[in-house]
Amino acid sequence: MAIAPATQAAAQRSSNQDVGFALGILFMLTVLFLPLPAPVIDMGLALSIALAVLILMVALWIQRPLDFSAFPTILLIATLLRLSLNIATTRLILSSGAEGVTSAGYVIAGFANFVMGGDFVIGIIVFAIIITVNFLVITKGATRIAEVGARFTLDAIPGKQMAIDADLAAGIVNEQEAQSRRRELEEESSFFGAMDGASKFVRGDAIAGVIITVINMFGGIVIGVLRHDMSVAAAADVFVKLSVGDGLVTQIPALIVSLAAGLLVSKGGTRGSAEKAVLGQLGNYPRALFVAGLVSSVLAIAPGLPFFPFALLAATMAFIAYAVPRRKAEEQAMQDATAARVQAVAEEEAKYSVKESLKIPGIELCLGKQVAAALLPAHAELAQRVSKMRLKFAKQYGFVVAEIKLSDDIFMQPKAYQIKIHGAIIASSELRIGEVLVVTGDGPLPRVPGEETREPAFGMKAVWVPEIFAAALKAEGFTPVDIMSVLLTHLGEALRNNLAQLFSYKDFRRLVDSLDPEYRRLLDEVVPSSLSNSGFHAVLRRLLSERISIRNLNLILEAVAEIAPHVHRTEQIAEHVRARMAQQICADFAQEGVLKILRLGPRWETALHQALRRDVKGEVIEFDIEPSAIEQFSADVSKVVRDLMDRGEVFVLVAGPDIRPYVRMVTERMFPNLPVLSHLEIARGMPISQAGSVS
């Protein structure tokens, strides 16, 4: 119940304001016809000057021109006020001018005495100069700027409307923000269109002021001579002073309003008050201030010129040029410090927030308490080596793996560490703090005390030896490996075994978006007509799952474009791509230019081929083999491969094209880093060395 009286009071005040504003406009119109006494005219002239100053101050301090969108209306009212007062003063000058200089009011008399110094010739000259400045300089320039601004603003409306619609369609802005931007665009076009017309008010006001002043002077002299029996000199002295004083009283506010209009239309797209826009941009170039100060100092010592003014200007400019960069540096430092504090607070809050706990890092290296304490002094080196590892992966495999997060876990075994991908543990092991690892393979063991183990990355035979025997190990010809290198080697192999998981769809989009224009057109031909984006992504993931680099994406795309229109299974497309990439695959797995291969014996080649079941078209639809045969095959492969790995051999397993995927499926669980190639993937001209056979 208490809201209704307040609402009614607000409505009553608004109604009273409307009525008062309308009465004010009517009063200005009645001044055109009704005579006013001198005190009322003095009040009106004072109001005109104060209103002009107010308009100028608002034009100086607004942030953008559209914030003063009522300027055309205010300009029309101010012009009407000056013209009505001009007519009222004209009536008073011509009717009562013979009585003395104060007959038209004390404001006109004060301007006549103060500006003219009692000499109407000086007044005429000053009045002519003000008219020239207002009419030829400020008004003409402001009019031209308003015309051009209105033209370009109206021409740009369709493009801006299309940009708003595009942002709305893309989801960059919502419907409410789009409506706000459209409303602002309408207001901007209306404002600049109105300013184009309002500038004509200023121009017409200047012309009318000149005409009215000339009429007052000649009309006053004629009336003084014919009606009041004054001499021509006496009539000229009185009426010219009054007319010029009246012209100055009206033209000075007109000049101020013209300046406000010029500042408003020339502000353009600059945001901020005029003081910040002008002084800020002038102060952004200290070297320019130094040069201007140097020129002023030269003029100060030039013969015939006063020293003090130029020396003062030179010193002022040099001081500003020196102080402005320091002040900006201090402000930037304060802003950076504030931003750092805000970011630190935000990170601290996010660290314990529920939302942050739901985020799963792509790669995480989790350390036990003792391992973290041992590696903490070398944290910078660890971070640098991890960064180099990511760079090496990017060059080797053609995409950037996710950042590796280092963390510690008090619930883990103190000497243990875990490697996680998307929160799942993919590898783990333990490190011996204060010891080094010696990889021996099938070679002799070192003569120093140690404990036999398996190297975590490749599963080779190794020995943990106390670090104090590192010199003795080197003397025996062994290479001791510190715990950080052991950890990073294991991390690298774990990531290589899970490249397919690390290659996200976001990484895929980043790669295809960076293709050259020609290959972009080829991609558009293939996707989505023959293969979807997700299908292409799956092909690349199949390659990475076997450590086949996708750095030559152009060649991969060409191979996909050849086979995709004819087959739709991702496995078949990937096998065709591998055959096209034979040269790269062999070069990646060769050592010193020679590819060492491990063949399948005739027994297993025949057995695996017989396990393939095909449809009427000859395509493989099933791999049907007895579990006991798989167990025997796994045992035979494991025996040969383990022996070669313990000897430190680098080799690949070779099988027929049809059975290669199934051989890989069996061997990857035992030896995930063992490459399995088909005969079609052995590049022509590649030197081959046989490491053995699985028989």
If only one of Val666, Val652 is in the same structural domain as Leu608 (by TED's automatic domain parsing) and touching a Pro at 6+ places or on another chain (Cβ under 7 Å), which one is it? Val652
Can you tell me which residue within the stretch 155-189, out of those that are in a loop (DSSP other than H, G, I, E, B) and not small (Gly, Ala, Ser), is farthest from Ala70 (Cα to Cα)? Ile172
Answer yes if at least one residue in the stretch 606-617 is touching a residue at least 40 places away in the same chain (Cβ under 8 Å), out of contact with any strand residue (DSSP E or B) (no Cβ under 7 Å at 6 or more places or on another chain) and not aromatic (Phe, Trp, Tyr), and no otherwise. yes
Report whether or not Gly441 is touching a Lys or Arg at 6+ places or on another chain (Cβ under 9 Å), surrounded by 13 or more Cβ atoms within 10 Å (Cβ to Cβ) and not aliphatic (A, V, I, L, M). yes
Where in the stretch 371-489 are the strands (runs of 3 or more DSSP E), entirely inside, with at least 1 residues that are in contact (Cβ under 8 Å) with a residue 12 or more places away in the chain and within 24 Å of Ser549 (Cβ to Cβ)? 404-408, 416-421, 424-430
The stretch 612-634, subset small (Gly, Ala, Ser) and at pLDDT 85 or above, residue farthest from Ile556 (Cα to Cα): Ser628
In the stretch 56-97, what residues are part of a helix (DSSP H, G or I), among the hydroxyl-bearing types (Ser, Thr, Tyr) and closer than 22 Å to Ser189 by Cα? Thr73
Can you find a residue in the stretch 651-658 that is more than 21 Å from Arg569 (Cβ to Cβ) and not in a strand (DSSP E or B)? yes
Lone unmet requirement of (1) crowded, with 16+ Cβ neighbours inside 10 Å; (2) farther than 29 Å from Val386 by Cβ; (3) under 31 Å from the mean Cα position of the chain (by Cα) for Asp524: (1)
The stretch 626-642, subset touching a strand residue (DSSP E or B) at 6+ places or on another chain (Cβ under 9 Å) and farther than 13 Å from Leu674 by Cα, residue surrounded by the most Cβ atoms within 10 Å (Cβ to Cβ): Phe633
Mind checking whether some residue in the stretch 633-643 is part of a loop (DSSP other than H, G, I, E, B), among the hydrophobic types (A, V, I, L, M, F, W, C) and either in contact with a Gly (Cβ under 7 Å, 6 or more places away or on another chain) or without any contact (Cβ under 8 Å) to a residue 60 or more places away in the chain (or both)? no
Any residue at all in the stretch 667-685 that's crowded, with 20+ Cβ neighbours inside 10 Å and acidic (Asp, Glu)? yes
Does the stretch 649-660 contain at least one residue that is exposed (fewer than 15 other Cβ atoms within 10 Å of the Cβ) and either at positive phi or at pLDDT 90 or above (or both)? no
Can you pull out every residue in the stretch 215-229 that is of a type in the set (A, V, I, L, M, F, W, C), touching a residue at least 24 places away in the same chain (Cβ under 8 Å) and under 28 Å from Asn134 (Cβ atoms)? Ile215, Met217
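Results for (1) basic (Lys, Arg); (2) outside the structural domain of Gly368 (by TED's automatic domain parsing); (3) at pLDDT 90 or above; (4) farther than 22 Å from Leu376 by Cβ, shown as yes or no for each residue.
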{"site": "Lys420", "(1), (2), (3), (4)": "yes, no, yes, no"}
{"site": "Gly423", "(1), (2), (3), (4)": "no, no, no, yes"}
{"site": "Val439", "(1), (2), (3), (4)": "no, no, no, yes"}
{"site": "Gly443", "(1), (2), (3), (4)": "no, no, no, yes"}
{"site": "Val465", "(1), (2), (3), (4)": "no, no, yes, yes"}
{"site": "Leu487", "(1), (2), (3), (4)": "no, no, yes, no"}
{"site": "His490", "(1), (2), (3), (4)": "no, no, yes, no"}
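Condition check ((1) part of a helix (DSSP H, G or I); (2) within 27 Å of Ala494 (Cα to Cα); (3) not aliphatic (A, V, I, L, M)) across all residues:
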| residue | (1), (2), (3) |
| --- | --- |
| Val577 | yes, yes, no |
| Gln584 | yes, yes, yes |
| Leu595 | no, yes, no |
| Arg599 | no, yes, yes |
| Ala607 | yes, no, no |
| Ile625 | no, no, no |
Being of a type in the set (A, V, I, L, M, F, W, C) and surrounded by 12 or more Cβ atoms within 10 Å (Cβ to Cβ) is the filter here; which residues of the stretch 601-620 pass it? Trp604, Ala607, Leu608, Ala611, Leu612, Val620
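What number of residues within the stretch 600-656 are of a type outside the set (Asp, Glu) and closer than 24 Å to Glu455 by Cβ? Talk me through it step by step, then tell me what you get.
At the first step, the residues of the stretch 600-656 found to be of a type outside the set (Asp, Glu) are 600-604, 606-614, 616-618, 620-621, 623, 625, 627-630, 632-635, 637-642, 644-645, 647-648, 650-656.
Cutting the leftovers down to closer than 24 Å to Glu455 by Cβ gives us 634-635, 637-642, 644-645, 647-648, 650-653.
Of the residues in that region, 16 qualify.
Kindly indicate which of Asp524, Asp588, Asp513 is under 22 Å from Phe671 (Cα atoms) and out of contact with any helix residue (DSSP H, G or I) (no Cβ under 8 Å at 6 or more places or on another chain).
On the way: Asp524 fails: under 22 Å from Phe671 (Cα atoms); Asp513 fails: under 22 Å from Phe671 (Cα atoms).
When all the criteria are applied, what remains is Asp588.
The values are calculated or read from the model by the stated rules, or taken from the named source; none is laboratory data. Here the structure is a predicted model, which is why all the values come from computation and not from measurement. Counting neighbours? That spans all protein chains shown, and the Cβs are built from the backbone with ideal geometry, glycine included.
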